[in-house]
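Novice: I am attaching a structure below and will ask some questions about it afterwards.
Just so it is clear, none of the values below were taken in a lab; they were calculated from the coordinates. Bear in mind the structure is a predicted one, so any value in this text is a computation, not a measurement. Positions of Cβ are backbone-derived with ideal geometry, glycine not excepted, and every protein chain shown enters the neighbour counts.
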Amino acid sequence: MLAKRIIPCLDVDAGRVVKGIRFVDIRDAGDPVEMAAVYDREGADELTFLDITASWEQRETTYDIVRRTAEQVFIPLTVGGGVRAVDDVRRLLRAGADKVAINTAAVRDPEMLLDATLAFGSQCIVIAIDARVRNGSWEVVKDLGAGEVLLTSMDRDGTKDGYDLALTRAVCDAVPVPVIASGGAGVPAHFTEAMTDGGADAALAASVFHFGEMRISEVKAECARAGLSMR
Amino acid sequence: MTNVTVLDFEMGNLRSVAKALEKVGASVDVSAEVDRNADALVVPGQGAFGSCVLNLGARMDDVRAWIADGRPYLGICLGLQVLFDSSEESEEKGASVFAGDVVRFPAGPKVPHIGWNEVSSRAGARLFDGIDLGTRFYFVHSYYPVPADAGVVAATSDYAVEFCCAAERENVMATQFHPEKSGDAGLALLSNFVRAAAR
């Protein structure tokens, strides 16, 4: 049976992990490559790097860390943030990314998403949607050919109140591709809810893992206890 | 040391494949040509079947000749699909090394099939030597092969349908999943291939 996935996300700025990471046994908690290896050992099913580098010149560092991570960590790596052109996608894939997340809000021309899926296949294009409740409803998700949806609830992000289950369920029911829930994880049970009540195929979290509040192994054990198929 | 050529035909992430093969002790050359002096040929590939065939171009004949000569071949994802006759995904024809077609998952489950799924290998499958039955490997695909000869099926997985996820016949081995992204299990499988190629 296909396993549900637990995905840690690292925010990377100019080649360094931001949001302090509190882990024992780490030489350099700011090094995304070393953190990726730690999460791999902890049982992460995939890794996501979110590039928040503001300056264009420093974005070269992102390609470098993707290259170095792909040399050492043999689980899937998704890279998102700042992807605006088909050539950005090409460079990230060539550097060693398996999937590239493209944020709809960041793309001026939605056709670019289609171009990217045609050029590289839908399986490596993740459409990232930052959803916010407006007047009690959500904006419609347009089918742009991506192979997966990374759904972040802006209302829940950072709150630790749990994933937005109604939003997650609505999107899972609306799209034919797998959905990764994001935003709001605070306790292991939240991951279980996202994938049972929310119907998500995977759940992503950042700070709760970085700060050592939860271990990936602990979250996966909780999900397995709840009857979910886990690796 | 086993010298492996990873064929670069501009279809996806080759770097991980090369690094994973190096990790299990192979000497790897990423090349746009089939190197007749290498010990083994690995053909990875992501994307669409049609673009894969078009990008391979004349190299498809080199791949066929390599296989016909009994040289060790490992196909990954599209590198497996392209061995078959045809695919529902495109008009272009495959290499017909294996008889059979590549078909799309039926309506029902989420497609692409993305994630870690259990793999049941057949007794004696060399790629799976020492790998437990039901070990999980990482998949990303919307199409799967249906071999005409059940004898080439090395392993199956289950996603709404039971499907062939690895094929083997003499010198030809191939997986639908990505061993280079399947952690320790994937490295063990690649190591089995490199060992078989060294013989």
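Novice: Among A:Ile102, B:Ile131, which comes first, then next, by fewest other beta-carbon atoms within 10 Å?
Specialist: The order, fewest Cβ neighbours first, is B:Ile131, A:Ile102.
Novice: What is the local net charge at B:Glu88, summed over the other residues whose Cβ is closer than 15 Å to its Cβ (Lys, Arg +1; Asp, Glu -1)?
Specialist: Taking every other residue near B:Glu88 into account, the sum is -3.
Novice: Set the Förster distance to 45 Å, then compute FRET efficiency between A:Glu57 and A:Leu228 from the Cβ-Cβ distance, nearest 0.05.
Specialist: Efficiency, rounded to the nearest 0.05: 0.55.
Novice: A further question on this structure: Restricted to Cα positions, what overall size does the protein assembly as shown have along the principal axes? Three whole-Å values, descending.
Specialist: 64, 46, 44
Novice: Nearest-5 percent of antiparallel DSSP beta bridges in the protein assembly as shown?
Specialist: Antiparallel: roughly 35 percent of the beta bridges in the protein assembly as shown.
Novice: List the aspartates and glutamates whose Cα sits under 12 Å from the Cα of B:Lys181, skipping any in the same chain fewer than 8 residues away.
Specialist: A:Asp40, A:Asp45, A:Glu46, A:Glu71, A:Asp98
Novice: Over all residues in B:51-58, what is the mean tally of Cβ atoms on other chains that come within 10 Å of each residue's Cβ? Present the calculation step by step, with values, prior to reporting the outcome.
Specialist: Details: counts 4, 1, 0, 0, 0, 0, 0, 0.
That average works out to 1.
Novice: Pairs of lysines 8 or more apart, or on different chains, with alpha carbons under 24 Å: count those in region A:5-225, would you? Numbers along the way, then the final one.
Specialist: Numbers: A:Lys19/A:Lys99; A:Lys19/A:Lys160; A:Lys19/A:Lys220; A:Lys99/A:Lys142; A:Lys99/A:Lys220; A:Lys160/A:Lys220.
Going through region A:5-225 pair by pair, I get 6.
Novice: Here is a follow-up. Could you give the distance between the Cα centres of region B:60-122 and region B:155-195, to the whole Å?
Specialist: Centre-to-centre distance over Cα atoms comes out at 12 Å.
Novice: Sticking with this one: How do the peptides A:61-68, A:92-99, B:106-113 rank, highest first, by the average count of neighbouring beta carbon atoms within 10 Å per residue?
Specialist: The peptides rank, most packed first, as A:92-99, A:61-68, B:106-113.
Novice: Before anything else, pin down the relative contact order of chain B: Cα pairs under 8 Å, at least 6 apart, normalised by residue count, whole percent.
Specialist: 21 percent
Novice: Considering all alpha-carbon pairs of region A:151-231, what whole percent are spaced by more than 17 angstrom? Before the final figure, lay out each step's value.
Specialist: On the way: 1260 of 3240 pairs.
It works out to 39 percent of all Cα pairs.
Novice: Once you place label points 7 Å from the Cα toward the Cβ at A:Ala189 and A:Arg94, how far apart are they in nm?
Specialist: Using points 7 Å along Cα→Cβ, the separation is 5.0 nm.
Novice: Please give me the summed charge of the neighbours of B:Glu168: other residues whose Cβ is under 9 Å from its Cβ, Lys and Arg +1, Asp and Glu -1.
Specialist: +2
Novice: Given Cα pairs under 8 Å that are at least 6 residues apart, what percent is the relative contact order of chain A? It would help to have the intermediate numbers written out before the result.
Specialist: Details: 471 pairs, mean separation 45.9, N = 231.
For chain A, the relative contact order is 20 percent.
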